[in-house]
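J.: Take a look at the following structure, please.
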């Protein structure tokens, strides 16, 4: 949809080849869309090449999201943006521990407790070293009111990090 609506080249990168096969089946007719099966943490990518990088429902699969963010910000062009959305964040380390315990129970009930080691909980403070624009923040008063009134809204935060605002964080 992005490739078509924005008339841009879009590249989907994922370590999960099953997901990529499904994406290619559904969206493979798009000429401006390509898929790469690779680990984004080790894939050799040129610097300063992307306009936008999206991480939907992604950050919780990385033990060190700050290192991932630094790496991805370096791949952006000068005016590029990194968007992180649909990933749970927690207010305190204690909330992270509670979530980790729930995840372990969940994966244990599924018969695959080892998967819990691949699901990481992060606090909002994880992003304190970066200049972040919170496009949606469920901690805001307005979001809590909307939730109480059962009005539609995202469940998880949406963060935008601009490369030009984070030059110091990426060491450029």
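The values are calculated or read from the model by the stated rules, or taken from the named source; none is laboratory data. These figures come from a predicted structure and were not determined experimentally. For neighbour counting, all protein chains shown are included, and Cβ atoms are generated from backbone atoms with ideal geometry for every residue, glycine included.
J.: May I ask you to list the residues in the range 47-57 that are under 20 Å from residue 124 (Cβ atoms) and surrounded by 18 or more Cβ atoms within 10 Å (Cβ to Cβ)?
T.: 55
J.: If you don't mind, another one. When the residues of the range 58-77 are narrowed to those that are touching a residue at least 60 places away in the same chain (Cβ under 8 Å) and over 16 Å from residue 132 (Cα atoms), which ends up surrounded by the fewest Cβ atoms within 10 Å (Cβ to Cβ)?
T.: 77
This table checks each residue for (1) at pLDDT below 90; (2) on the phi > 0 side of the Ramachandran plot; (3) within 19 Å of the chain's Cα centre (by Cα).
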| residue | (1), (2), (3) |
| --- | --- |
| 8 | yes, no, no |
| 15 | no, no, yes |
| 26 | no, no, no |
| 31 | yes, no, no |
| 51 | no, no, yes |
| 57 | no, yes, yes |
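J.: Counting just the residues of the range 137-157 that are touching a strand residue (DSSP E or B) at 6+ places or on another chain (Cβ under 9 Å) and surrounded by 15 or more Cβ atoms within 10 Å (Cβ to Cβ), which one comes out modelled with the lowest pLDDT?
T.: Restricting to residues being touching a strand residue (DSSP E or B) at 6+ places or on another chain (Cβ under 9 Å) and surrounded by 15 or more Cβ atoms within 10 Å (Cβ to Cβ), the top hit is 143.
J.: On to the next question. Checking the condition without any contact (Cβ under 8 Å) to a residue 40 or more places away in the chain and under 20 Å from residue 170 (Cα atoms), which residue from 84, 53 passes?
T.: Answer to the selection: 53.
J.: For the structure I just gave you, tell me whether residue 113 is touching a helix residue (DSSP H, G or I) at 6+ places or on another chain (Cβ under 6 Å), closer than 25 Å to residue 16 by Cα and surrounded by fewer than 15 Cβ atoms within 10 Å (Cβ to Cβ).
T.: yes
J.: Follow-up question, since we're still on this one. Helices (runs of 4 or more DSSP H) wholly in the range 92-172 with at least 2 residues that are without any contact (Cβ under 8 Å) to a residue 40 or more places away in the chain and over 22 Å from the mean Cα position of the chain (by Cα) - which ones?
T.: Fully inside the range 92-172 and qualifying: 93-109, 141-148.
J.: Which numbered condition trips up residue 21, out of (1) modelled with pLDDT of 90 or more; (2) touching a helix residue (DSSP H, G or I) at 6+ places or on another chain (Cβ under 9 Å)?
T.: Every condition holds for residue 21 apart from (2).
J.: For the range 33-46: of the residues being surrounded by 14 or more Cβ atoms within 10 Å (Cβ to Cβ) and within 23 Å of residue 166 (Cα to Cα), which is modelled with the highest pLDDT?
T.: Of everything passing the filter in the range 33-46, 40 is modelled with the highest pLDDT.
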